[in-house]
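The block underneath contains the structure these notes are about, expressed in structure tokens.
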Amino acid sequence: MKLGIFTDSHYSSQEVTCGNRYNSRSLEKIKTAYAFFESQKCDLVVCLGDLIDKEASHEKEVANLKKVTDVINQSPIKTVCLMGNHDAFAFTKAEFYEILGDCKPKNVKAKEKTLLFLDACYFKNGNHYLPGDTDWTDTFYPHIDDLKKQLDAANGEVYVFVHQNIDPNIREDHRLYNAAEINGILQKCGKVKAVYQGHYHPGMESKHGNIEYKTFTAMCENENAHFILNI
Ligand SMILES: [Fe+2]
């Protein structure tokens, strides 16, 4: 299975934020990424979150997300888009996927492979982020029993996708509050081959036990930050 991957595009009308995030350029970069994914005949595109960034008005945020959705919908390749903390700052989960349409993560069961998509846009108290009420340093995945059930039921190799980080090598402020517990479950399961993440913009590659952890570099801070994964 060939996947096209990008993350942390942070698209908005701002030319630059935080000194090195070139927000407004990301729409063109997303178009370039899809042209590349199509040329490489990818089976699926995965956006690992932080697709968009905040604006002064919600109308403008909606307009920006619609522009990105148009690019996604023009492609013959299906896209799955995880919600990042910046998406959650601007949109409820319901509105985000209402605009993005077909991109809501549903676990993919292909021949001898299972792709699991985890939404970690939760505070450690178990509440989901809401517009204007998020914290990039307080992130959590509350559905532990669900995760165990999905791993038990998974066919063959398992690949996990999450916006925030569970790689123990990544700075603690970027990691899920319960990353250690989740890693223990993934390691014990024995089926998990890799964990793919965004959120930590410089990116990272690690290996713990038999699991490869890969954090992709942020599109908004880099040129050509779109990737192909053969799994
Ligand atoms: Fe980000």
Task: Selection from the range 175-205 of residues that are within 16 Å of the ligand (Cβ to nearest atom) and touching a residue at least 24 places away in the same chain (Cβ under 8 Å) - done: ARG175, LEU176, TYR196, GLN197, GLY198, HIS199, TYR200, HIS201, MET204
TODO: Name the residue, out of LYS67, LYS60, LYS54, LYS41, that is of a type in the set (D, E, K, R), open to solvent by 30 Å² or more (accessible area, probe 1.4 Å) and within 16 Å of the ligand (Cβ to nearest atom).
DONE: LYS54
Open item on the list: Tell me whether the range 169-179 contains one or more residues that are more than 22 Å from HIS86 (Cβ to Cβ) and in contact with a Lys or Arg (Cβ under 6 Å, 6 or more places away or on another chain).
Closed with: no
- [ ] Could you check SER26 against (1) in contact (Cβ under 8 Å) with a residue 60 or more places away in the chain; (2) assigned to a loop (DSSP other than H, G, I, E, B) and say which number it fails?
- [x] (2)
- [ ] Could you tell me which numbered condition ALA194 fails, if it satisfies all but one of (1) of a type outside the set (D, E, K, R); (2) under 23 Å from CYS18 (Cβ atoms); (3) within 17 Å of the chain's Cα centre (by Cα)?
- [x] (2)
Open item on the list: For GLU157, only one of the following conditions fails: (1) more than 19 Å from the chain's Cα centre (by Cα); (2) exposed (fewer than 14 other Cβ atoms within 10 Å of the Cβ). What is its number?
Closed with: (2)
TODO: Evaluate the range 135-151: report whether one residue or more is charged (D, E, K, R), more than 16 Å from the ligand (Cβ to nearest atom) and closer than 21 Å to GLY84 by Cβ.
DONE: yes
- [ ] Please work out if ALA90 is open to solvent by less than 30 Å² (accessible area, probe 1.4 Å), within 14 Å of the chain's Cα centre (by Cα), of a type in the set (A, V, I, L, M) and within 16 Å of the ligand (Cβ to nearest atom).
- [x] no
TODO: Scan the range 75-90 and report the pairs whose first residue is touching a residue at least 60 places away in the same chain (Cβ under 8 Å) and whose second residue is open to solvent by 10 Å² or more (accessible area, probe 1.4 Å) and within 14 Å of the ligand (Cβ to nearest atom), with Cβ atoms within less than 6 Å and a gap of 6+ or a chain change.
DONE: ASN85/THR134; ASN85/TRP136; HIS86/ASP53
TODO: Kindly indicate the residue of the range 161-174 that is more than 16 Å from CYS121 (Cβ to Cβ) and buried (at least 21 other Cβ atoms within 10 Å of the Cβ) and also farthest from the ligand (Cβ to nearest atom) among those meeting that condition.
DONE: ASP167
- [ ] Would you mind finding the one in VAL162, VAL108 that is modelled with pLDDT of 95 or more, of a type in the set (A, V, I, L, M) and within 17 Å of the chain's Cα centre (by Cα)?
- [x] VAL162
TODO: Please find, within the range 70-84, the residue that is nearest to the ligand (Cβ to nearest atom) out of those that are in contact with a Gly (Cβ under 8 Å, 6 or more places away or on another chain) and not aliphatic (A, V, I, L, M).
DONE: GLY84
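The values are calculated or read from the model by the stated rules, or taken from the named source; none is laboratory data. No experiment lies behind these values; they were computed from the predicted model shown. Glycine gets a Cβ as well: all are built from the backbone with ideal geometry, and neighbour counts include every protein chain shown. Side chains are part of the model used for accessible areas, which takes the heavy atoms of the whole protein and leaves out ligands, DNA and RNA. Shrake-Rupley method; radii C 1.70, N 1.55, O 1.52, S 1.80 Å.
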